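One structure is given here, and the rest of the page talks about it.
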Amino acid sequence: MPVEEIVRGIRHGVRKVNIDTDCRLAMTAAFRKVAAQNKSEFDPRKFLKPAMDSMRELCRERFEQFGTAGHAGRIRVMPLAEMARRYRSGALDPRIGNIASAAE
């Protein structure tokens, strides 16, 4: 999916975005580049370092594009018991505002 579409979705309330496929593609491209540049290479470290660097850069780009860069400190750790209490109470019901009323 184009990043622009994801950014548009975020502006409209999307709060969870998976980027694992992009990460795997970035790593695979780095592996292929190493393999193409040196066909006799067999040391996994020669593949893994560029692959991890590529994935790290992709994540950095996505965090900036999605407006989440620099916000890790705002994440509050919540004990599992508190999350369970919220699920039981319905506080985490995904229905929002008028949408829940219209669906009933």
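Largest first, the residues His12, His71 sort by 1.4 Å accessible area into His12, His71.
Computed on the chain, the Cα convex hull volume stands at 171 Å³ per residue. Classify segment 1-50: rounded, prolate or oblate, from the alpha-carbon gyration tensor (a ≥ b ≥ c, eigenvalue square roots; a/c under 1.5 rounded; otherwise prolate if a/b is larger than b/c)? Taking the square roots of the gyration eigenvalues as a ≥ b ≥ c, segment 1-50 is prolate.
Rolling a 1.4 angstrom probe over the protein heavy atoms with all chains in place gives the chain an accessible area of 84 Å² per residue. Taking amide H as placed 1.01 Å from N in the peptide plane, the amide H of Phe66 sits under 5 Å from none that are at least 5 places away or on another chain. Summing Lys and Arg as +1 and Asp and Glu as -1 over all other residues whose Cβ lies under 13 Å from the Cβ of Asn18 gives a net charge of +2. Shown in residue order for segment 50-67 are the 3J(HN,Hα) couplings computed by the Karplus curve 6.51 cos²θ - 1.76 cosθ + 1.60 at θ = phi - 60°: x, 5, 5, 4, 5, 5, 4, 5, 4, 4, 4, 4, 5, 4, 5, 4, 8, x Hz (x for Gly and Pro).
Each peptide among 83-93, 23-33 gets the average number of other Cβ atoms lying within 10 Å of its residues, and from highest to lowest they stand as 23-33, 83-93. Dipole orientation for the chain: of the candidates Met55, Ile10, Ala91, Ala91 has the Cα lying most toward the positive pole (charges on Cβ; Lys, Arg +1; Asp, Glu -1).
In the chain, the portion of solvent-accessible area held by carbon and sulfur atoms comes to 58 percent [1.4 Å probe, whole percent, DNA, RNA and ligands not counted].
The values are calculated or read from the model by the stated rules, or taken from the named source; none is laboratory data. Not measured: the values here are computed from a predicted model. Backbone-built Cβ (ideal geometry, glycine too); neighbour counts: all protein chains shown. Side chains are part of the model used for accessible areas, which takes the heavy atoms of the whole protein and leaves out ligands, DNA and RNA. Shrake-Rupley method; radii C 1.70, N 1.55, O 1.52, S 1.80 Å.
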